[in-house]
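Remarks on the structure that follows.
The values are calculated or read from the model by the stated rules, or taken from the named source; none is laboratory data. This one's a predicted model, so the numbers in the text were calculated from it and none came from an experiment. Ideal geometry is used to build each Cβ from the backbone, glycine not excepted, and the neighbour counts take in all protein chains shown.
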Amino acid sequence: MTEQKIIPQFKIFDLYDMSNINVEDPGLKDVINLKPKLILKSHGRNFQKFGQTKVNIVERLINKISVAGHRGKKHKIGFGHVTGKYSKNAKIVLEAFKLIEQKTQKNPVEVLVKAIENSAPRDEITVIEYGGARYPQAVDVSPLRRVNLTLRNIVHGASDKAFNKKKTITQGLAEEIIMASEKNGESFSMKKKNESEKQADSAR
């Protein structure tokens, strides 16, 4: 009899197993990629329509770290701890994951997915022009934009906690993800979600 080969289960960065993580929000199941890869670096190969759905969710978080100072259309603040260097940004995320694991005793990727589900806005407002006047109009947010907005808000919240403060960006990121996963009102991303949905409700 030939011996049956055992195929090893990949873990991201050979640290965190993603095989048992489930996305509970049905609207986000198709846009949160949890496919395990040893090294999360796509080199921009997925630059196409819906290409972001093929990029692992942790890699998308690492990519957002590089633009932590962006607010609106301006690069508002430049951070010394954040550069365009992938390895530096990946190190920030991995160190934050270690802190999350210590504090929650859970898989940090699972905590991140829970945080995204909790703080992803469902409604927002856009401006429509009618008869020369501009009016706010409530619209539903597409699943892909929900995830992008949430990742951006998590990174903004982390950078605000670390800018001119004693906390490091690593501690700020870990704290923001944990608070969002617990639906804590102090979380920046939860505040932005509630603000967006309240504005949409008033514009209906």
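Filter the range 133-148 for residues that are part of a helix (DSSP H, G or I) and without any contact (Cβ under 8 Å) to a residue 12 or more places away in the chain and give the result. Of everything in the range 133-148, just one residue is part of a helix (DSSP H, G or I) and without any contact (Cβ under 8 Å) to a residue 12 or more places away in the chain, namely Arg145.
For the range 175-204, enumerate the residues that are of a type in the set (Ser, Thr, Tyr) and within 20 Å of Glu110 (Cα to Cα). Ser181, Ser187, Ser189, listed by residue number. Every listed requirement among (1) farther than 23 Å from Leu149 by Cα; (2) aromatic (Phe, Trp, Tyr); (3) in contact with a Pro (Cβ under 6 Å, 6 or more places away or on another chain); (4) at pLDDT 75 or above is met by Phe10 save one, (4). Evaluating Gln137 against the criteria (1) closer than 20 Å to Asp201 by Cα; (2) modelled with pLDDT of 90 or more leaves one unmet condition, (2). Screening the range 149-174 for residues that are within 18 Å of Val109 (Cβ to Cβ) and touching a residue at least 60 places away in the same chain (Cβ under 8 Å) and picking the one that is nearest to the chain's Cα centre (by Cα) gives Leu151.
Evaluate the following for Gln102: is it closer than 28 Å to Asn20 by Cβ, in a helix (DSSP H, G or I) and more than 17 Å from the chain's Cα centre (by Cα)? It is true that Gln102 is closer than 28 Å to Asn20 by Cβ, in a helix (DSSP H, G or I) and more than 17 Å from the chain's Cα centre (by Cα).
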